[in-house]
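Written below as structure tokens is the structure these notes are about.
The values are calculated or read from the model by the stated rules, or taken from the named source; none is laboratory data. Here the structure is a predicted model, which means the values were calculated and not measured. Counting neighbours? That spans all protein chains shown, and the Cβs are built from the backbone with ideal geometry, glycine included.
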Amino acid sequence: MKFETKAIHFGQKPDFATGAVTVPVYQTSTYEQEAIGKHKGYEYSRTDNPTRKVLETVVAVLENGEYGVAFASGLAAETAVFQLLKNGDHVIAGADIYGGTYRLLEKVFKPWGLEVSFVDVDDINNFKQAIKKNTRLIWIETPTNPLLKIISIKKLSEISKNNKIIFAVDNTFASPYFQRPLNFGADIVVHSTTKYISGHSDIIGGAVVTSSKQIYENIKFYQNAAGAVPGPWDCWLILRGIKTLAIRMKEHGKNALYLAKHLEKHPEVERVYYPGLENNDGYGIAKGQMKGFGGMVSFEIKGGFEDTQKFISKLKIFTLGESLGGVESLVSCPSKMTHSSIPLKERERLGIKDNLIRLSIGIENKKDLLEDLLQALE
Ligand SMILES: *Cc1c(COP(=O)(O)O)cnc(C)c1O
């Protein structure tokens, strides 16, 4: 089965009891046991829930992985991965990451006892050089957030394997439709299903996918032991979103490329960041590991923060807001919003300036979106 078919059918046969074509919302906390310890595989919904189980199966197969584990948010999924480590272990993370991941590592896991190094992702050797005796995990996003830099998953997986380090990729920005990191040697894929996977800006969710039985068993144990599970309704909404993931991603990608090309030519635009532009540093690697370049476009407007504010206030279709990956287009100013938890000095070092604008390109008509951007730039 191909991706589009799996998204709709894999693990989603009509309900055995009633024939319902859609996976039912099993809104139950507990399950009858015929006799003590004798049950149909479900005891309590923190441990397992049938609606959640289908979601976990589908996300895993779309990532070409063996096992999926769903969480109540992307950050809960990340926490599960960091909890694979113990006090005193060392993590190397790409410096260009989601602000919340930075905060989780810096403010929660560092005080808890993890050692964390953030490395510049422009040169893959920086990861190699940061490896210490106690390094247990390498963590990246590609494309990165918000500058959409591209890291070679294959090269980094080789470095990880040679040093017996677990390699995790946050694949939220690409979605499994455009990129499957396990195919290039990653051990773990993490998603904020809040974004493209659900795709309609109506739930918060996360998932971990792996093909390693041992990693799966540890993550699954942690899911039940710590309990940050999504409810059946949210799982059902994510499953509904997944059915259209392929056609949505195609449109996101087409619209994003169209708009990035127009922005690039505009006199009021300083610089455009989109891996699908041939002059982008990541274009070559992206072509090798992605099936498309995604729906996120960042750019610097000429001027400073005031100009950024003015531009954003003039937009009519793009909604100012955090998040991404929904059918509707969003605009944000990373330095003041998603990445404000990164200290100013570190932000400046990373190149996240006050005139940087991040667009999550939706699936509206591309001409309407262009017109909106042009009139606001004007
Ligand atoms: C949103 C996001 C997260 C966090 O996910 P939540 O569902 O908000 O907890 C992690 N990584 C990336 C790349 C994200 O965009």
Query raised in the report: What is the number of the single condition among (1) part of a loop (DSSP other than H, G, I, E, B); (2) small (Gly, Ala, Ser); (3) not assigned by TED's automatic domain parsing to the domain that holds LEU85 that SER198 does not meet?
Result: (3)
Query raised in the report: How many of the residues making up the range 173-217 are under 18 Å from ILE285 (Cβ atoms) and polar (S, T, N, Q)?
Result: 3
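Can you tell me which of GLN27, GLN83, GLN12 is at pLDDT 95 or above and within 22 Å of VAL190 (Cα to Cα)?
Numbers: GLN27 fails: within 22 Å of VAL190 (Cα to Cα); GLN12 fails: within 22 Å of VAL190 (Cα to Cα).
None of the others qualify; the one that does is GLN83.
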Query - Among the candidates VAL121, VAL108, VAL59, VAL69, residue that is within 15 Å of the ligand (Cβ to nearest atom), part of a helix (DSSP H, G or I), β-branched (Val, Ile, Thr) and within 18 Å of the chain's Cα centre (by Cα) - result: VAL59
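What residue, of THR210, THR193, is closer than 14 Å to VAL59 by Cβ, more than 16 Å from the ligand (Cβ to nearest atom) and crowded, with 24+ Cβ neighbours inside 10 Å? Break it down stepwise before answering.
Numbers: THR193 fails: more than 16 Å from the ligand (Cβ to nearest atom).
Only one candidate qualifies: THR210.
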Query - Where PRO230 falls short, out of the listed (1) within 30 Å of GLN12 (Cβ to Cβ); (2) surrounded by fewer than 17 Cβ atoms within 10 Å (Cβ to Cβ); (3) within 15 Å of the ligand (Cβ to nearest atom) - result: (2)
Report task. Kindly list the number of the only condition in (1) of a type outside the set (Val, Ile, Thr); (2) farther than 16 Å from CYS235 by Cα; (3) in a loop (DSSP other than H, G, I, E, B) that fails for ALA80. Result -> (3)
Report task. Answer yes or no as to whether GLY362 is touching a Lys or Arg at 6+ places or on another chain (Cβ under 7 Å) and under 25 Å from HIS191 (Cβ atoms). Result -> no
Query raised in the report: How about the range 264-378: which helices (runs of 4 or more DSSP H) wholly inside it have at least 3 residues that are within 20 Å of the chain's Cα centre (by Cα) and surrounded by fewer than 22 Cβ atoms within 10 Å (Cβ to Cβ)?
Result: 283-289
Report summary line: Per the filter on the range 196-206, residues near the ligand (Cβ under 10 Å from one of its atoms) and touching an Asp or Glu at 6+ places or on another chain (Cβ under 9 Å) are SER198, ILE203, ILE204, GLY205, GLY206
Query - Where a residue in the range 97-108 is free of Cβ contacts under 8 Å to residues at least 12 places away in the same chain and more than 19 Å from PHE173 (Cα to Cα) and its partner, wherever it lies, is basic (Lys, Arg) and more than 7 Å from the ligand (Cβ to nearest atom), with Cβ under 9 Å and at least six apart - result: none
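Any chance the range 157-165 includes a residue that's of a type in the set (Asp, Glu) and free of Cβ contacts under 8 Å to residues at least 12 places away in the same chain? Walk me through it before giving the result.
Kept after step one, since they are of a type in the set (Asp, Glu), are these residues of the range 157-165: 158.
From what's left, free of Cβ contacts under 8 Å to residues at least 12 places away in the same chain: none.
The answer is no; no qualifying residue exists.
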Report summary line: Among residues of the range 83-105 being among the aliphatic types (A, V, I, L, M) and not in a helix (DSSP H, G or I), the residue nearest to the chain's Cα centre (by Cα) is ILE97
Report task. Sort out which residues of the range 169-181 are more than 8 Å from the ligand (Cβ to nearest atom) and either more than 19 Å from ILE92 (Cα to Cα) or β-branched (Val, Ile, Thr) (or both), and write them in order of number. Result -> VAL169, ALA174, SER175, PRO176, TYR177, PHE178, GLN179, ARG180
Requested in this report: Would you check which residues across the range 140-168 are closer than 16 Å to SER117 by Cα and either near the ligand (Cβ under 10 Å from one of its atoms) or not in a helix (DSSP H, G or I) (or both) and list them?
Outcome: ILE140, GLU141, ILE165, ILE166, PHE167, ALA168
